[in-house]
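Scroll down for the structure; my scribbles are underneath it.
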Amino acid sequence: MSTGCSDANKRVDALDTSPYTDIFGEHVLVFDDAMDKEAMCKTLEALHEQQEYSEFGTERYALLFKPGTYDLDLTVDYYVQALGLGRYPEEVTINGAVQSIASTNNNKVTTMFWRGAENFKVIPRDDKMIYWAVSQAAPYRRMHVAGSINFDKGSWASGGLLANSVIEGRAGLMTGQQWFTRNSTIGSWEGGNWNRVFVGVAGAPEDTWPEKPTTVIEKTPVVREKPFLTYAEAEGWAVFVPALQRDTSGPSWIHKDEKGELIPIAHFHIAFPDKDNAASINAALASGKHLLLTPGIYKLEETINVTRPNTVVLGLGLPTLVPQSGQIALATDDVRGLKLAGFMVDAGPEYSPTLIQIGSPDAAADHSDNPTSLHDIYCRVGGASTGQVATTLTINSNNVIGDHFWLWRADHGTGTDWMEGQHKHGLVVNGDHVTIYGLFNEHFQSYQTLWNGEYGRTYFYQSEIPYDPPNLEVWNDNGKPGFASYKVAGHVHHHQAYGLGIYSFFKGEPEVSKEVRLENAMEVPDHPGITIHHISTFAGRNGGINHVINGLGPCTEPGELKHYDRFKGSEKE
């Protein structure tokens with residue numbers, strides 16, 4: 001890895017974080033441009049070597065850069081989040097790269113997960129291409145790249161998010177399967193295979209579906225951008241919460257007049273995994289504090305309860321909550337204006353009904369003027385450890401905004417056997433007027449997404465159904481082969497979804513997986529208020545998908561990619 005340092009190849013046996021620590025503990029490294037450049041580069045190189053292939057490791061880090069100019073290549077790996085601390089991206093300028101460049105064999109990045117970069121201006125050295133070569137749970141947010149960027153390395157890649165950013169040059173993929181871009185400005189877009197979606201993006205490519213699987217929505221109907229940490233000499237540490245916006249395109253910060261609220265850090269309870277538990281966190285929340293979770297793994301014996309409206313819960317460095325006693329990890333009351341951002345939840349050893357619950361089961365209030373928003377929320381079942389849960393994320397409140405989810409029943413790692421727990425759904429939506437941008441939801445044993453609320457909207461959906469159903473006696477929905485990935489309940493009369501990719505890849509025992517099939521990739525009611533735009537289906541080895549939606553659309557056999565234009569309830573296609 002090039003770090004832009006003259007002694008880039010020198011190895012460091014351990015991370016010496018002491019010059020970089022502040023109020024957030026030793027796993028949050030704080031840099032300023034007056035520090036010794038060689039020392040910074042050695043620390044960053046040591047962190048890269050430690051985290052590059054730590055897919056299911058326990059270490060978590062945040063790298064914070066105070067306003068200034070830095071000459072280096074900043075490489076971001078597993079469980080690392082890099083953050084510029086300015087109010088606007090240009091206040092922290094990197095001459096070099098903010099990049100993810102690790103890969104497995106033959107430049108595959110299908111498992112380059114759980115990392116993020118936010119709030120930098122990047123000026124590539126010698127006009128070199130920036131590589132943010134990733135798959136799920138790896139957002140590139142609030143970035144200004146004065147050059148070009150690629151989101152893969154020329155081999156397998158699966159997913160990703162660019163949001164609230166400017167790319168002056170070319171952005172795109174070589175062989176990557178899908179990508180979601182929202183509220184950005186790009187010089188041009190190139191490449192991509194199965195499904196790419198642009199919402200509120202200046203410079204988006206032409207929508208030529210189905211010749212190229214591209215979906216373009218000119219305006220983002222309603223969004224609140226993700227809260228972020230800032231630092232200024234005069235004000236010190238604070239969290240900026242961008243204001244709610246409607247019918248927007250392009251970045252929220254482009255004119256440097258971004259509306260929102262600056263909350264001093266004194267109004268936050270700063271939690272540490274070795275000092276805090278659910279009881280101490282709940283006491284702080286009940287006293288009126290917001291919550292900032294520092295990096296690490298929080299083993300919880302009780303539910304974290306968010307009960308006060310307008311509370312901010314912000315994670316640094318992908319902190320991970322793990323319920324230990326079969327409880328919900330984090331639950332909220334049916335209150336308005338919550339902002340939950342930047343954390344993971346792993347299923348614990350005992351069976352939980354859900355990992356995150358937004359609003360009580362009887363939630364009914366109208367929050368349209370001040371909705372709750374969820375940003376970069378990742379739930380995981382298995383992989384790092386065996387876990388048990390029925391549904392990872394349950395949304396009961398109305399008017400919730402989802403801004404990038406990855407909900408994953410692990411297909412590799414620990415605890416992935418079909419019988420090692422009950423894992424029905426990634427997402428269940430019971431609230432009305434819920435809007436989700438960038439929904440990645442994979443491998444659960446029933447419907448990946450079950451939508452019970454009215455007037456729901458999804459913009460970009462990426463889903464692989466489970467790899468390993470043991471047989472169709474176990475994996476069938478009232479006699480139909482398999483469970484649809486995206487299911488809108490029969491009582492729902494109004495729903496919209498745009499740009500969906502649903503894939504099968506059965507890889508169990510050969511004599512079984514050849515017989516396992518999926519009847520419908522999607523199932524929705526046949527009502528005039530139901531509209532689904534642009535569905536792609538792909539079948540890997542063995543099995544296949546019989547229909548795209550409701551018994552309609554072409555059969556997808558192994559190795560085939562199929563596209564379906566539109567389903568409009570009560571219309572004949």
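The values are calculated or read from the model by the stated rules, or taken from the named source; none is laboratory data. Because the structure is a prediction, the values reported are computed rather than measured. All Cβ positions, even for glycine, are placed from backbone atoms using ideal geometry, and neighbour counts span all protein chains on display. Accessible surface areas use protein heavy atoms only, side chains included; no ligands, DNA or RNA. Shrake-Rupley method; radii C 1.70, N 1.55, O 1.52, S 1.80 Å.
Take the residues in region 446-459 that are in a strand (DSSP E or B) and hydroxyl-bearing (S, T, Y), then tell me which one is nearest to T394 (Cα to Cα).
Of everything passing the filter in region 446-459, T449 is nearest to T394 (Cα to Cα).
Do you know which of the residues in region 114-137 that are among the aromatic types (F, W, Y) and open to solvent by less than 20 Å² (accessible area, probe 1.4 Å) is farthest from the chain's Cα centre (by Cα)?
That would be F120.
Is it true that some residue in region 269-281 is of a type in the set (S, T, Y) and part of a loop (DSSP other than H, G, I, E, B)?
Within region 269-281, none of the residues are of a type in the set (S, T, Y) and part of a loop (DSSP other than H, G, I, E, B).
Specify the residue that is farthest from N305 (Cα to Cα); the eligible residues are those in region 319-361 that are over 23 Å from the mean Cα position of the chain (by Cα) and among the acidic types (D, E).
Per the criteria, the residue is E350.
Taking the options Q462, Q422, name whichever one is of a type outside the set (F, W, Y) and not in a loop (DSSP other than H, G, I, E, B).
Residue meeting the stated conditions: Q462.
Got a number for residues in region 228-259 being surrounded by 11 or more Cβ atoms within 10 Å (Cβ to Cβ) and without any contact (Cβ under 8 Å) to a residue 24 or more places away in the chain?
Within region 228-259, residues that are surrounded by 11 or more Cβ atoms within 10 Å (Cβ to Cβ) and without any contact (Cβ under 8 Å) to a residue 24 or more places away in the chain number 2.
Of the residues V223, V201, only one is open to solvent by less than 10 Å² (accessible area, probe 1.4 Å) and under 20 Å from the mean Cα position of the chain (by Cα); which?
So the residue among V223, V201 that is open to solvent by less than 10 Å² (accessible area, probe 1.4 Å) and under 20 Å from the mean Cα position of the chain (by Cα) is V223.
So which of N546, N550 is surrounded by fewer than 23 Cβ atoms within 10 Å (Cβ to Cβ), farther than 25 Å from V429 by Cα and polar (S, T, N, Q)?
Only one candidate qualifies: N546.
Anything in region 460-473 that is open to solvent by 10 Å² or more (accessible area, probe 1.4 Å) and under 15 Å from M522 (Cα atoms)? List them, or say none.
Answer for region 460-473, where residues must be open to solvent by 10 Å² or more (accessible area, probe 1.4 Å) and under 15 Å from M522 (Cα atoms): just E464.
Can you tell me which residue in region 18-42 is surrounded by the most Cβ atoms within 10 Å (Cβ to Cβ), limited to those that are of a type in the set (D, E, K, R) and farther than 30 Å from D276 by Cβ?
So, considering only residues that are of a type in the set (D, E, K, R) and farther than 30 Å from D276 by Cβ, the one surrounded by the most Cβ atoms within 10 Å (Cβ to Cβ) is K42.
Can T332 be described as touching a Gly at 6+ places or on another chain (Cβ under 9 Å) and in contact (Cβ under 8 Å) with a residue 40 or more places away in the chain?
yes
For region 476-484, check the following and say yes or no: at least one residue is aromatic (F, W, Y), over 28 Å from R336 (Cβ atoms) and buried (at least 24 other Cβ atoms within 10 Å of the Cβ).
Checking region 476-484: at least one residue is aromatic (F, W, Y), over 28 Å from R336 (Cβ atoms) and buried (at least 24 other Cβ atoms within 10 Å of the Cβ).
Filter region 436-445 for residues that are assigned to a loop (DSSP other than H, G, I, E, B) and open to solvent by less than 10 Å² (accessible area, probe 1.4 Å) and give the result.
If the condition is that a residue be assigned to a loop (DSSP other than H, G, I, E, B) and open to solvent by less than 10 Å² (accessible area, probe 1.4 Å), then H443, F444 are the ones that fit.
Within region 526-555, which residues are of a type in the set (S, T, N, Q), assigned to a strand (DSSP E or B) and closer than 18 Å to Y461 by Cα?
T531, S536, T537
Return the residues of region 75-108 that are in a loop (DSSP other than H, G, I, E, B), farther than 23 Å from H375 by Cα and touching an Asp or Glu at 6+ places or on another chain (Cβ under 7 Å); say none if nothing qualifies.
A102
Quickly run through region 138-160 and pick out the residues that are among the aromatic types (F, W, Y) and surrounded by fewer than 24 Cβ atoms within 10 Å (Cβ to Cβ).
If the condition is that a residue be among the aromatic types (F, W, Y) and surrounded by fewer than 24 Cβ atoms within 10 Å (Cβ to Cβ), then W156 is the only one that fits.
I'd like the full set of residues that are crowded, with 24+ Cβ neighbours inside 10 Å and not hydrophobic (A, V, I, L, M, F, W, C), limited to region 306-325.
Matches in region 306-325: G315, G317, P319, T320, P323.
P213 passes all but one of (1) under 20 Å from G501 (Cα atoms); (2) free of Cβ contacts under 8 Å to residues at least 24 places away in the same chain; (3) of a type outside the set (A, V, I, L, M); which number fails?
(2)
It is to be established whether one or more residues within region 179-196 are of a type in the set (D, E) and in a loop (DSSP other than H, G, I, E, B).
No, because not a single residue in region 179-196 is of a type in the set (D, E) and in a loop (DSSP other than H, G, I, E, B).
Can you find, within region 326-384, the residue that is least open to solvent (accessible area, probe 1.4 Å) among those that are part of a loop (DSSP other than H, G, I, E, B) and among the polar types (S, T, N, Q)?
If we take residues in region 326-384 being part of a loop (DSSP other than H, G, I, E, B) and among the polar types (S, T, N, Q), then T372 is least open to solvent (accessible area, probe 1.4 Å).
Which of the residues belonging to region 528-542 are without any contact (Cβ under 8 Å) to a residue 40 or more places away in the chain, surrounded by fewer than 19 Cβ atoms within 10 Å (Cβ to Cβ) and under 16 Å from E571 (Cα atoms)?
T531 - this is the single residue of region 528-542 that is without any contact (Cβ under 8 Å) to a residue 40 or more places away in the chain, surrounded by fewer than 19 Cβ atoms within 10 Å (Cβ to Cβ) and under 16 Å from E571 (Cα atoms).
Can you tell me which residue among H425, H433, H404 is open to solvent by less than 10 Å² (accessible area, probe 1.4 Å) and touching a Phe, Trp or Tyr at 6+ places or on another chain (Cβ under 9 Å)?
H404
For G479, all conditions in the list (1) over 19 Å from K568 (Cα atoms); (2) in contact with a Ser or Thr (Cβ under 7 Å, 6 or more places away or on another chain); (3) not hydroxyl-bearing (S, T, Y) hold save one; what is the number of the exception?
So G479 meets the others, but not (2).
Can you name every residue in region 44-72 that is among the hydroxyl-bearing types (S, T, Y) and open to solvent by 10 Å² or more (accessible area, probe 1.4 Å)?
Within region 44-72, Y53, S54, T58, Y61, T69 qualify.
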